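The structure under discussion appears below in the form of structure tokens.
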Amino acid sequence: MSESKHHEVIVIGAGVSGIYQIKRLVDLGLDAIVLEGDTDLGGTWYRNRYPGCRFDSESYTYGYSFSQELLDEWHWKERFSSQPENLRYLNFVVDKFDLRRHMRFNSRVTAMSWDEDERIWHLDLENGDTYTARFVITGIGVLTIPTTPQYAGLSDFEGDAFHTYAWPKESIPLKGRRVGVMGTGATGIQIISEIADKVDELFVFQRRPNWSTPLNNSPISDEEMAKIRARYDEIFANCAVTSGGFDHLPEPRRFFKVAPEERKALWDKLYDTPGFAIMASNFADIFFDEEANREMSEYVANRIRARVNDPLLAEKLIPKDHGFATQRLPLETHYFEAYNRDNVHLVDLSETPIERFTSKGIQTTAGHYDLDVMAFATGFDAMTGAWDKITIRGVGGEALGDKWRDGPSTYYGLMTHGFPNLLMVAGPQSVSGSTNFPRAIESGVDWLTNFLEHVRSKNVTRFEASEQAEKAWGEEVIASQERMLMRRSRGWFTGYNANVEGHGEDVVRYLAYWGGAPQYNKIVRRVADEGYPGIDLG
Ligand code: NAP
């Protein structure tokens, strides 16, 4: 029997967003399915299989909060759980709630067009299938389009070469091999730390160093898990009132009101505290005030100097072009100590740039590096990359790619003018990009689901955000970024990625709302309470 190709709601993507979204829709009894491009569910945690890949949010703040039963049943094994376990968790959730039967795998959406007469979306898939839907909800991810630099000679390289996002399912032998890692963001720092003592020689090709502080991971025993379960209400309440959605409460004191030795005492404590406490529980001034940030940066620089034996090498690992936490902070486990090993070599590309790849490795201006394996931890076309991969045509055939050419423009990151009946989980300009993803995803899905219920209860078949309301939100997003020191940083938060055409040097894009999750949730809650002003419910 051939499957009906029309559904009231189609969700795109079976990652953390799509899984919860389909759960909510199925619970409401809606005719809804998920289309997933990969061969199985999990999104980010299905794809990122590189050695060392793990959460850097506390596991118990990353998991879903919507089901008490789920919270009672799942035992996190580590404070910062690793990729295989995270994928097991998502499969456990899907099986527990019998969601797999609503998912269609190998179903990559490549094009969507709005049919104004019928008030439906037409969806074209890579495999040739076509679907229609009254409403489409995207859960296509924020960091799902990997970017690999196109160096001369890359295709000549005869060793194993992978972007970390496409690391193979089969384990890649590393023992006895010469491995190169390019990129020192959160991914590069994880993989370098993990493999340093497993490979023959490790060459780190670093363009710019990143600030990084200890993850402080540890196993979670049965007793500890019982305590975490007893605290779940408090944990999620803390996440809801903190800017980044973490179980780390903010430091209420102002930086300049506290004596330098007290500031240092706080930082000593935070450096040894697990996770993002060093950002979330620090003086807020370090994000806004140059002088406060400089002092904090110098503190962290000194911690690095104390951990790296060779003082010249230590200086190469300390960022000089940006202050602490003005780019996404990678968390590390013995990362800096890896450089004390004889088999780990830093190749500073700012001094000796790459000339080309060869069949045997990499040629820089300083010499040739023979390599058996090359890992590209070179990042993503963040936030809008996944959108650019789908040709989306809205009212009058307007292409979303054209509308967003210089950066996204949205109504609270939830929908965009000119593209009716299209909703976004963790959309550009929502708060998701600046927070603990699943916390913002859950509240985003709840908002969208309540909105859909409202739409259906009014028998509305078409909705569209107004241009004016979208413009007003765009201005708030810009203001939220401009007040922060990270406003000109060269990281993915501001859309910087020289590997993507047009996303290089002087480009600043406004991809996320930086006013914090509590403020964002307050704003979108008010929108709902006021009957959705700024949305034309036609
Ligand atoms: P990233 O932060 O964008 O870092 C990319 C790295 O590649 C940078 O060091 C960059 O150097 C380097 N690079 C790019 N092009 C290069 C080139 N042509 N030559 C040499 N180096 C080049 O990417 P990522 O590390 O994959 O992290 C992205 C985000 O994924 C993170 O910020 C985080 O949000 C998420 N993530 C999360 C986890 C977790 O939760 N545990 C783990 C990993 C990643 P420049 O700095 O000079 O551009």
Take residue 158 and decide whether it is open to solvent by 50 Å² or more (accessible area, probe 1.4 Å), more than 20 Å from the chain's Cα centre (by Cα), away from the ligand (no atom under 15 Å from the Cβ) and among the acidic types (Asp, Glu). yes
Going through 516, 474, 534 one at a time, which residue ends up being open to solvent by 20 Å² or more (accessible area, probe 1.4 Å) and away from the ligand (no atom under 14 Å from the Cβ)? 534
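I'd like to check something: does region 373-395 contain any residue that is assigned to a helix (DSSP H, G or I), within 13 Å of the ligand (Cβ to nearest atom) and modelled with pLDDT of 95 or more?
So in region 373-395, the residues assigned to a helix (DSSP H, G or I) come out as 385-388, 395.
Imposing the further condition that a residue be within 13 Å of the ligand (Cβ to nearest atom) reduces the set to 385.
From what is left, the residues that are modelled with pLDDT of 95 or more are 385.
Yes; the residues of region 373-395 include at least one that is assigned to a helix (DSSP H, G or I), within 13 Å of the ligand (Cβ to nearest atom) and modelled with pLDDT of 95 or more.
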Over region 136-154, the set of residues under 14 Å from residue 205 (Cβ atoms) and either hydroxyl-bearing (Ser, Thr, Tyr) or part of a loop (DSSP other than H, G, I, E, B) (or both) is 148, 149, 151
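Among 174, 266, 249, which is under 24 Å from residue 348 (Cβ atoms) and either out of contact with any helix residue (DSSP H, G or I) (no Cβ under 8 Å at 6 or more places or on another chain) or outside any helix (DSSP H, G or I) (or both)? Explain how you work it out, then say what you get.
Working: 266 fails: under 24 Å from residue 348 (Cβ atoms); 249 fails: under 24 Å from residue 348 (Cβ atoms).
Testing whether each residue is under 24 Å from residue 348 (Cβ atoms) and either out of contact with any helix residue (DSSP H, G or I) (no Cβ under 8 Å at 6 or more places or on another chain) or outside any helix (DSSP H, G or I) (or both) leaves just 174.
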Residue satisfying condition, being in contact with a Leu (Cβ under 7 Å, 6 or more places away or on another chain) and of a type in the set (Gly, Ala, Ser), within set 394, 444, 385: 394
Looking only at region 204-216, which residues are surrounded by fewer than 22 Cβ atoms within 10 Å (Cβ to Cβ) and either near the ligand (Cβ under 7 Å from one of its atoms) or more than 23 Å from residue 80 (Cβ to Cβ) (or both)? 206, 207, 208
For residues that are under 21 Å from the mean Cα position of the chain (by Cα) and under 23 Å from residue 348 (Cβ atoms), scanning just region 161-171, find the one that is nearest to the ligand (Cβ to nearest atom). 164
Does residue 469 fit the bill of being among the small types (Gly, Ala, Ser), at negative phi, without any contact (Cβ under 8 Å) to a residue 40 or more places away in the chain and assigned to a helix (DSSP H, G or I)? no
Is one or more of the residues making up region 155-168 among the aromatic types (Phe, Trp, Tyr) and part of a helix (DSSP H, G or I)? yes
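In the list 532, 496, 510, 520, which residue meets the criterion of being aromatic (Phe, Trp, Tyr) and free of Cβ contacts under 8 Å to residues at least 40 places away in the same chain?
Numbers: 532 fails: free of Cβ contacts under 8 Å to residues at least 40 places away in the same chain; 510 fails: free of Cβ contacts under 8 Å to residues at least 40 places away in the same chain; 520 fails: free of Cβ contacts under 8 Å to residues at least 40 places away in the same chain.
Every option except 496 fails the conditions.
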Looking at this structure, is residue 114 closer than 30 Å to residue 418 by Cβ, hydrophobic (A, V, I, L, M, F, W, C), open to solvent by 20 Å² or more (accessible area, probe 1.4 Å) and more than 12 Å from the ligand (Cβ to nearest atom)? yes
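Name every residue in region 332-343 that is buried (at least 20 other Cβ atoms within 10 Å of the Cβ) and not in a helix (DSSP H, G or I), in order of residue number.
332, 339 - these are the residues of region 332-343 that are buried (at least 20 other Cβ atoms within 10 Å of the Cβ) and not in a helix (DSSP H, G or I).
When you look at residue 44, is it at pLDDT 95 or above, within 16 Å of the ligand (Cβ to nearest atom), of a type outside the set (D, E, K, R) and open to solvent by 10 Å² or more (accessible area, probe 1.4 Å), yes or no? I'd like the intermediate steps shown before the answer.
Working: at pLDDT 95 or above: yes; within 16 Å of the ligand (Cβ to nearest atom): yes; of a type outside the set (D, E, K, R): yes; open to solvent by 10 Å² or more (accessible area, probe 1.4 Å): yes.
Considered against the rule, which asks whether it is at pLDDT 95 or above, within 16 Å of the ligand (Cβ to nearest atom), of a type outside the set (D, E, K, R) and open to solvent by 10 Å² or more (accessible area, probe 1.4 Å), residue 44 comes out as yes.
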Given the criterion away from the ligand (no atom under 11 Å from the Cβ) and either of a type in the set (Gly, Ala, Ser) or touching a Cys at 6+ places or on another chain (Cβ under 6 Å) (or both), identify the matching residue among 196, 186. 196
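Which helices (runs of 4 or more DSSP H) sit wholly inside region 1-120 and have at least 2 residues that are hydrophobic (A, V, I, L, M, F, W, C)?
On the way: elements: 16-27, 44-47, 59-62, 68-73, 83-96.
Output list reads 16-27, 68-73, 83-96.
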List every residue pair whose Cβ atoms lie under 8 Å apart, where the two residues are 6 or more positions apart in sequence or sit on different chains, the first residue falls within region 383-406 and is without any contact (Cβ under 8 Å) to a residue 60 or more places away in the chain, and the second residue, located anywhere, is β-branched (Val, Ile, Thr) and surrounded by fewer than 16 Cβ atoms within 10 Å (Cβ to Cβ). 399/391; 401/391
In region 488-506, is there at least one residue being away from the ligand (no atom under 14 Å from the Cβ), of a type in the set (Asp, Glu) and surrounded by fewer than 18 Cβ atoms within 10 Å (Cβ to Cβ)? yes
All positions within region 337-351 that are within 16 Å of the ligand (Cβ to nearest atom) and either touching a strand residue (DSSP E or B) at 6+ places or on another chain (Cβ under 7 Å) or touching a residue at least 60 places away in the same chain (Cβ under 8 Å) (or both): 338, 339, 345, 346, 347, 348, 349, 350
Is it true that some residue in region 352-368 is open to solvent by 10 Å² or more (accessible area, probe 1.4 Å), away from the ligand (no atom under 12 Å from the Cβ), of a type in the set (A, V, I, L, M) and closer than 22 Å to residue 190 by Cα? no
Quick check on this structure: which one of 461, 416 is surrounded by 23 or more Cβ atoms within 10 Å (Cβ to Cβ) and more than 29 Å from residue 236 (Cα to Cα)? 416
Checking residue 180 against (1) within 12 Å of the ligand (Cβ to nearest atom); (2) surrounded by fewer than 22 Cβ atoms within 10 Å (Cβ to Cβ), the condition it does not meet: (2)
Taking region 438-466 only, how many residues are farther than 30 Å from residue 62 by Cα, among the charged types (D, E, K, R) and under 28 Å from the mean Cα position of the chain (by Cα)? 1
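Any residue that is of a type in the set (Ser, Thr, Tyr) and more than 25 Å from residue 181 (Cβ to Cβ) - is there at least one of those in region 293-307? Explain how you work it out, then say what you get.
The first filter runs over region 293-307 and keeps only residues of a type in the set (Ser, Thr, Tyr), leaving 297, 299.
Of the ones still in play, those that are also more than 25 Å from residue 181 (Cβ to Cβ) are 299.
Yes: region 293-307 contains one or more residues that are of a type in the set (Ser, Thr, Tyr) and more than 25 Å from residue 181 (Cβ to Cβ).
The values are calculated or read from the model by the stated rules, or taken from the named source; none is laboratory data. In this text the structure is predicted, and so the values were computed from the model without any measurement. Reconstructed Cβ throughout: ideal geometry from the backbone, glycine too, with neighbour counts over all protein chains shown. In case anyone asks, the SASA skips ligands and DNA or RNA and just uses the protein heavy atoms, side chains included. Shrake-Rupley method; radii C 1.70, N 1.55, O 1.52, S 1.80 Å.
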